[in-house]
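Structure first, then comments.
The values are calculated or read from the model by the stated rules, or taken from the named source; none is laboratory data. Here the structure is a predicted model, which means the values were calculated and not measured. Positions of Cβ are backbone-derived with ideal geometry, glycine not excepted, and every protein chain shown enters the neighbour counts.
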Amino acid sequence: MERGREVPEAGSSGTNPTEQRTEYTVVGIVEDGAALNRAVREIRDLGVGREDLMVLLKRQDPDEPEPFPEGTLYIVVPDDSRGLEVPVGFAVAFLVLGLFFAIVVPSIGVPTFLVFISLAAVLLAGSFTRVGAVPILTDMQAPREEAGAWNDQFEMGKVLIFAMTGERRLIRPIREIMQANGVSDASYYIIDGRLEPRAVGEAVMHRAGPHEQESVIGAQGS
């Protein structure tokens with residue numbers, strides 16, 4: 001994987017066209033809003049199939065439709081506090097139990113109370129740490145260093161686009177579209193192989209179109 005790597009056009013490498021086709025994934029970091037909608041539309045217009053383009057974005061309302069071309073798949077990470085109930089609940093339980101033992105059996109309760117306070121602090125700290133796209137990037141086995149950079153940009157309000165293709169002639173125009181609508185010099189990455197995100201955790205997958213509100217069957221992981 002290289003960022004900004006040039007990939008030869010089809011027919012320029014002298015390879016046998018009957019050989020197994022190599023797939024590439026162009027990962028773009030683009031601005032939200034009009035730039036995002038324009039990038040998605042232009043990539044689809046290049047001939048990238050609806051199963052080969054995935055948009056990863058964050059919204060307060062994960063069910064709000066996006067104005068993408070019909071059939072476009074996109075994953076929404078909720079921009080709220082959902083999912084924090086469990087760690088916060090365990091933290092409160094640890095504090096209550098620790099206090100109970102400290103009062104009932106002081107000889108062992110005080111050390112236990114201190115341990116429970118430590119556990120509660122770890123849980124509370126973790127619950128307020130914004131994980132953004134990390135669970136999805138981890139699930140798809142994205143390159144670790146690049147995934148960190150992608151998540152940082154994602155938390156800054158940018159959107160991730162994953163365009164997958166086996167046609168090398170499409171890589172340059174896809175790259176140029178992402179650069180035109182992207183973030184300075186960190187707007188695109190080219191990765192060997194198919195890097196296909198799934199909706200995991202609290203994320204929700206949608207397919208743009210008339211039946212936007214219907215869930216994509218089998219799209220959300222555990």
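Name the one entry in 99, 170 that is over 18 Å from residue 58 (Cβ atoms), more than 15 Å from the chain's Cα centre (by Cα) and modelled with pLDDT under 85.
Numbers: 170 fails: modelled with pLDDT under 85.
The conditions single out 99.
From the list 135, 210, exactly one residue is assigned to a helix (DSSP H, G or I) and at pLDDT below 90. Which is it? Walk me through it before giving the result.
Values: 210 fails: assigned to a helix (DSSP H, G or I).
So the residue among 135, 210 that is assigned to a helix (DSSP H, G or I) and at pLDDT below 90 is 135.
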